[in-house]
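In what follows, a single structure is set out as structure tokens and then discussed.
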Amino acid sequence: MSGRAGGAAAFLVGGGWDESVAGVVHGPFLRAAAARSRRGAGAVPRILCVLVDEGAGAEEFDRYDVALRRAGACTPVPLLLPVGERFDAGALPGESPDPEDPENPEDPGSVDGVFVCGGLTPAYQEAFGGGAGRALAARGIPYAGFSAGAVVAARDAVVGGWLVDGVPVCPPDAAEDLEEVEVRPGLGLVPFGVDVHAAQWGTSGRLAAVVAGGRLAHGVAVDENTLVEVADGRVRVAGLGQAHSMRPAPGGGIVVRSYGHGESFAVTR
């Protein structure tokens, strides 16, 4: 199994802004985007940064721009979506432009990778509804998700909430403006559910409850400043924190295994 259709990997970051590991958590995605570029060897990849704009989108994009450039040579291109607006699957980034043609910085078809930013997770799930996941997978464009962008990469996205049948399973501050935990359709780029800010926000309990309740067959909770790269049937972990793999246990409950920098584990559909 490849990371997703077309053989492209998915790069999921659990949030966090530690400058010391920018190259570790974002560098693999940038290298994948550069390798896919048709501008020729040594080309600087153009990265479409999709951000659901709750009113300060331009300022928020600046922060991602700095983090990505710190990780490696790249040209981030902003796409700010107002809350409630969907990502247009008909305008999905496609092949890199002919190197003889002048580049249009506003043309999403000229980018080499898609980076989906963080914010209110239910708003990102709404923005990426419909056929966006299938279109991305068919194009084989490298995908990176940061925080909310990592969550919505899943086939079944745990978009928020802090209660299961009225019982608290994580801190209310991590609820994403929801009460009961909700699992909604995601992009389908990875076969397991994802939660983020695991150690920092205490969200592992939410994902554990969803897996234990039979709503997910596999979940991965990712700490901040930590990357999980999904490709070729494996999840590879890098960064300062851990990725916590959760599966149902025989007879009830769950089995949790945590993996740190340089470790990996197999994933199946």
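The values are calculated or read from the model by the stated rules, or taken from the named source; none is laboratory data. Fair warning: this is a prediction, and the values are worked out from it, not measured in the lab. Heads up, the Cβs are rebuilt from the backbone with ideal geometry, glycines too, and the neighbour counts pull from every protein chain shown. Accessible surface is based on the protein model in full, side chains and every heavy atom, while ligands, DNA and RNA are left aside. Shrake-Rupley method; radii C 1.70, N 1.55, O 1.52, S 1.80 Å.
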Treating the beta-carbon of each Lys and Arg as +1 and of each Asp and Glu as -1, no other charges, what is the dipole magnitude of the chain about its Cα centre, to the nearest 20 debye?
-> 1280 debye
Tabulate in residue order the Karplus-calculated ³J(HN,Hα) for region 155-170, using 6.51 cos²θ - 1.76 cosθ + 1.60 with θ = phi - 60°, rounded to whole Hz; enter x for Gly and Pro.
-> 5, 10, 9, 7, 8, x, x, 9, 10, 10, 6, x, 9, x, 10, 7
Can you work out ³J(HN,Hα) from phi for every residue in region 210-226, in order, using Karplus 6.51 cos²θ - 1.76 cosθ + 1.60 and θ = phi - 60°, giving whole Hz and x for Gly and Pro?
-> 5, 5, 4, x, x, 8, 9, 8, 7, x, 10, 9, 10, 6, 5, 6, 9
Describe numerically, in nm with one decimal, the distance between label points set 7 Å from Cα along Cα→Cβ at Arg70 and at His261.
-> 1.5 nm
Dipole of region 154-231, Cα-centred, from +1 at each Lys and Arg C-beta and -1 at each Asp and Glu C-beta, to the nearest 20 debye?
-> 300 debye
Read through the labelled values (i) 17.5, 62; (ii) 22.3, 71; (iii) 19.0, 61 and report the label of the one computed as Rg and Dmax of the Cα atoms in Å from the structure.
-> (i)
Of Gly251, His218, Gly118, farthest towards positive along the dipole that unit charges on Lys, Arg, Asp, Glu beta carbons give the chain = Gly251
Compare Asp65, Asp165, Asp232 by solvent-accessible area with a 1.4 Å probe and give them largest first, with all protein chains kept in place.
-> Asp165, Asp232, Asp65
Over the chain, the sum of -39500 (n - 2.57) across DSSP H runs of at least four, divided by residue number and rounded to 500 deg cm²/dmol, gives at 222 nm -6500 deg cm²/dmol
How far, in nm, would the chain grow between Ser20 and Leu178 when pulled straight, counting 0.36 nm per residue and subtracting the alpha carbon separation?
-> 53.5 nm
Gain on full stretching of the segment that runs from Gln200 to Ala217 - 0.36 nm per residue minus C-alpha separation = 3.7 nm
Using a 10 angstrom cutoff on alpha carbons, build the Gaussian network for the chain and name the most mobile of Val151, Val181, Val13.
-> Val181
Using Cα atoms only, what is the angle between the long axis of helix 22-36 and the major principal axis of the chain, expressed in degrees (0 to 90) to the nearest 10?
-> 50 degrees
Kindly express, to the nearest 10 degrees and within the range 0 to 90, the angle between helix 57-71's C-alpha long axis and the longest C-alpha principal axis of the chain.
-> 80 degrees
